Amino acid sequence: MFARIFDPRRAVLLAVLLCPFWGGDGVPAAGTTTAQPGGTDRDAILLEETMEIDIRSLTDARLHYLNRTQVLTPRGVEEYDAASVFYEPDVVVKDLRGSVTGPNGKTTSIKKQQIVDGAAFASYELYSDSRHRTIVFPGVVPGATVEHSYDLEIRNLFHLPRRFDLQAPIPVREKTLVVSAPAGLGLNTAVRGASPQYSREEHDGVVTQRWTVRDVPPLPHEPHRPPQADLTPSIFIAPREIQWSDHHIDAADWSGIARFYWDLARDRMEPAPEVAQTAAAQTAGVTEPDQKTRRLYDYVRDKVNYVEISLDIGGWQPHANGDVLHHLYGDCKDKATLLIAMLRSEGLVGLPVLARTRDFGLVPADLPSLSFNHAFVAIPRDQGYLFLDPTSDAPYGDLPWVDQGINVLVVRADGTGEFTSTPLFPASRNLSRRTVEATLGPSGDLEGTLTIEAHGQERDELMPLTSGRATEREDAVEDLVGWLCPGARLLSHEVKKPEGPTDPLIVTAKFSVPRFATRAGTLEIVSPQIVRFPSLTSLAAYPQRLQPFFFEYLYSLSSDVRMRLPPGRTVRKVPPPHTLKGPGLSSTVTYELGQDGGDTVLIVHRSIDVSQREIPVDQYGALREFVEGVSQDEAQGVTLQIGG
């Protein structure tokens, strides 16, 4: 299955790059209950959660689930007034029950009319057989306990839950996972991040494993943390064999999983005549392989619309490349398959890549499983691979941040697999350069022009400024200018949309800042930091952290300010240059005076580089010191003498 997720790094902007996904840990597995909390750890308490999995054969398993949660606040009522179970044709929901016990001890059972069914991902899938069944709890008030349980019949072990979390965003009284399976059925289990009470027993050829945790504190929600899947202590469950219709999957190692995908996709990647013809037309007059690859990538990225049809194994098997070209739509694996077929028709090599996007956590390298939610293409190079994601808007050679620094499975041409990683691009690839030409008036008002030139992921964050109604775009630019330059009023603006995939997005805004200078007798104080870096200075607002600090991507920010001073003003002292170093961060600021047509010009250059994606908890103090130093730089004032 696929979806599209928006995850902005800055609240002032509306959206970032689309990141599609299918199946795996990125979406609720069949049998998963969801009641996503959005409040604080004081809104509810998980009294009991039990999942019992009984694997009987490769094509038969049973699952029993129970959840009792007490809500404590009105916000908790909003967050926990419903619970869902997901299912598919190979997963049958049996005996879904629920109840609400009020603070007075009176219990009300759920009635059939309070259970609804619907499409699991109706917002972005054209056709899908994934469904949800949802209980809507009636009469929930603070102090009430909501309870639900269900049984599942699972006919395909692919649909088993792949993980059981041992911690929650709210306090936990008790969590228990029980897994039973025949002794001869291969099953990998692994515990990460916790030490639950564990027991194992074998009786009549059946092995039963039990894990229990009690009195677990809530998983704190901190801004700028790594994906929750990387932080939550969990038990992973991975069958070593899966029987899916006529397909026997050897999931004991990564090559077995690669062979499964290869068997599904290899015929779909053989170039159809019309695909070869289109590829030849797109590469006409080009002989260099890299240029051919670039043209074919650009074609698939720009011409094939994203639409998913996910029915049964179609969530994993791509459509034939000729069909994708004919209809000009498909999901990520369809677009990857078409690009591979076009490359083959030109004598070039492209390999399918199975991935889980970074926003859903890293795939454990030592636990082979079908925990993928995305697909793209690898081009073999002398040293490693060039990865291309035609589902994204990324230019040739680039990747969206959700594809960077992740574990992936490259499916080789012989059907074997290579478990490897994608690159995390350096800060220089994601550059935002801000230039200000401003004039300080005799009355202390400031007028100027701000130009923002954004590349890479920084460009993608500003792309919403190129769409929508004119009034919405103007409001967004005004918010952006006011965010970067406090007190600024937007006078006019222009947004230049990139003409090509490697071109920057350019925003030009004329602005004014009334009473920019503060006067005291014959002295004026001005802030030379006309454009600030609020996205960075707001990062370390908390005195301490419990979780690592996470940057979605590495980036580089720079600003060049030229402020023309009014006649009769003399700068009493130019601040000295200043350099800061932090864990994976660096900052420089320099000041100088220049002359332009007889006017004095104050010139300020600043740059900040983020070169480390994740900052451990024990380095958070150093990060705070760095951010405080940047804030002090921005508070630096320059004194002007009026007259002689």
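Observations, loosely collected:
- Residue in segment 150-176 that is nearest to PHE372 (Cα to Cα), counting only those that are of a type outside the set (Phe, Trp, Tyr) and in contact with a Phe, Trp or Tyr (Cβ under 6 Å, 6 or more places away or on another chain): ARG163
- Residue in segment 69-109 that is nearest to ILE242 (Cα to Cα), counting only those that are open to solvent by less than 30 Å² (accessible area, probe 1.4 Å) and outside any strand (DSSP E or B): GLU88
- With respect to the conditions (1) part of a strand (DSSP E or B); (2) among the polar types (S, T, N, Q); (3) open to solvent by 20 Å² or more (accessible area, probe 1.4 Å), THR212 lacks only one, and its number is (3).
- Within segment 589-644, being part of a strand (DSSP E or B), among the aliphatic types (A, V, I, L, M) and within 29 Å of the chain's Cα centre (by Cα) holds for ILE608, VAL610, ILE615.
- VAL349 β-branched (Val, Ile, Thr) and open to solvent by less than 10 Å² (accessible area, probe 1.4 Å): no
- Within segment 248-262, considering residues that are in a helix (DSSP H, G or I) and over 19 Å from CYS332 (Cβ atoms), the one nearest to the chain's Cα centre (by Cα): TRP254
- Condition met for ILE452 (open to solvent by less than 40 Å² (accessible area, probe 1.4 Å), within 24 Å of ASP596 (Cβ to Cβ), in contact (Cβ under 8 Å) with a residue 40 or more places away in the chain and not in a loop (DSSP other than H, G, I, E, B)): yes
- Conditions (1) outside any loop (DSSP other than H, G, I, E, B); (2) open to solvent by 40 Å² or more (accessible area, probe 1.4 Å); number of the one not met by TYR65: (2)
- Flag if GLN113 is among the polar types (S, T, N, Q) and touching a residue at least 60 places away in the same chain (Cβ under 8 Å): no
- Here the condition is being part of a helix (DSSP H, G or I) and among the hydroxyl-bearing types (Ser, Thr, Tyr); of THR502, THR508, THR471, it holds for THR471 alone.
- Within segment 572-588, considering residues that are farther than 30 Å from ASP230 by Cβ and open to solvent by 20 Å² or more (accessible area, probe 1.4 Å), the one nearest to the chain's Cα centre (by Cα): THR588
- Condition broken by THR176, with the remaining ones in (1) part of a helix (DSSP H, G or I); (2) open to solvent by less than 20 Å² (accessible area, probe 1.4 Å) satisfied: (1)
- Residue count for segment 304-326 satisfying the condition of being under 16 Å from ALA276 (Cα atoms), open to solvent by 30 Å² or more (accessible area, probe 1.4 Å) and part of a helix (DSSP H, G or I): 2.
- Matching option when the condition is in contact with a Gly (Cβ under 6 Å, 6 or more places away or on another chain) and under 23 Å from ALA61 (Cβ atoms), among ALA190, ALA120, ALA144, ALA183: ALA183
- Selection from segment 47-62 of residues that are modelled with pLDDT of 95 or more and open to solvent by 60 Å² or more (accessible area, probe 1.4 Å): GLU52, ARG56, ARG62
- Pick from segment 367-399, criterion among the small types (Gly, Ala, Ser) and closer than 28 Å to ARG163 by Cα, ranking: surrounded by the fewest Cβ atoms within 10 Å (Cβ to Cβ): SER369
- Qualifying position, being open to solvent by 50 Å² or more (accessible area, probe 1.4 Å), within 20 Å of GLU634 (Cβ to Cβ), of a type in the set (Lys, Arg) and within 25 Å of the chain's Cα centre (by Cα), among ARG429, ARG433: ARG433
Quick grid of which residues meet (1) in contact (Cβ under 8 Å) with a residue 40 or more places away in the chain; (2) not in a loop (DSSP other than H, G, I, E, B):
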| residue | (1), (2) |
| --- | --- |
| VAL410 | yes, yes |
| ASP414 | no, no |
| ARG433 | yes, yes |
| MET463 | yes, yes |
| ALA476 | yes, yes |
| GLY482 | no, yes |
| VAL495 | no, yes |
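- When each of HIS224, HIS248 is tested for being under 28 Å from PHE550 (Cβ atoms), open to solvent by 60 Å² or more (accessible area, probe 1.4 Å) and out of contact with any His (no Cβ under 7 Å at 6 or more places or on another chain), the lone residue that passes is HIS224.
- Close Cβ contacts (under 6 Å, 6 or more residues apart or on different chains) running from residues in segment 580-591 that are within 19 Å of PHE550 (Cβ to Cβ) to residues that are in a strand (DSSP E or B) and at pLDDT 95 or above comprise PRO583/ILE615; LEU585/VAL610; SER586/ASP609.
- When TYR542 is tested against (1) exposed (fewer than 15 other Cβ atoms within 10 Å of the Cβ); (2) outside any loop (DSSP other than H, G, I, E, B), exactly one condition is not met: (2).
- Summed over segment 594-616, residues that are at pLDDT 95 or above and open to solvent by 10 Å² or more (accessible area, probe 1.4 Å) total 9.
- A single member of ARG519, ARG572, ARG545 is basic (Lys, Arg), over 30 Å from ILE406 (Cα atoms) and out of contact with any Ser or Thr (no Cβ under 8 Å at 6 or more places or on another chain), and it is ARG519.
- Breaking point among (1) more than 27 Å from LEU424 (Cα to Cα); (2) polar (S, T, N, Q); (3) open to solvent by 10 Å² or more (accessible area, probe 1.4 Å), for GLN529: (3)
- Segment 549-571, residues that are open to solvent by 30 Å² or more (accessible area, probe 1.4 Å) and acidic (Asp, Glu): ASP560
- Test: residue in segment 265-278 that is assigned to a helix (DSSP H, G or I) and under 24 Å from LEU160 (Cβ atoms): yes
- Hey, ASP129 farther than 16 Å from ALA82 by Cβ, modelled with pLDDT under 95 and either surrounded by 15 or more Cβ atoms within 10 Å (Cβ to Cβ) or under 32 Å from the mean Cα position of the chain (by Cα) (or both) or not: yes
- One residue stands out in segment 313-349 among those that are over 24 Å from the mean Cα position of the chain (by Cα) and free of Cβ contacts under 8 Å to residues at least 40 places away in the same chain: the one that is nearest to GLY384 (Cα to Cα), namely GLY347.
- Selection within segment 400-423 - in contact with a Ser or Thr (Cβ under 7 Å, 6 or more places away or on another chain), farther than 16 Å from LEU339 by Cα and open to solvent by less than 10 Å² (accessible area, probe 1.4 Å): PRO400, VAL402, ASP403, GLN404, ILE406, VAL408
The values are calculated or read from the model by the stated rules, or taken from the named source; none is laboratory data. Please read all numbers here as calculations on a predicted model, not as lab measurements. Note: ideal-geometry Cβ built from the backbone for every residue, glycine included; neighbour counts use all protein chains shown. What goes into the accessible areas is simple: the full protein's heavy atoms, side chains included, and nothing from ligands, DNA or RNA. Shrake-Rupley method; radii C 1.70, N 1.55, O 1.52, S 1.80 Å.
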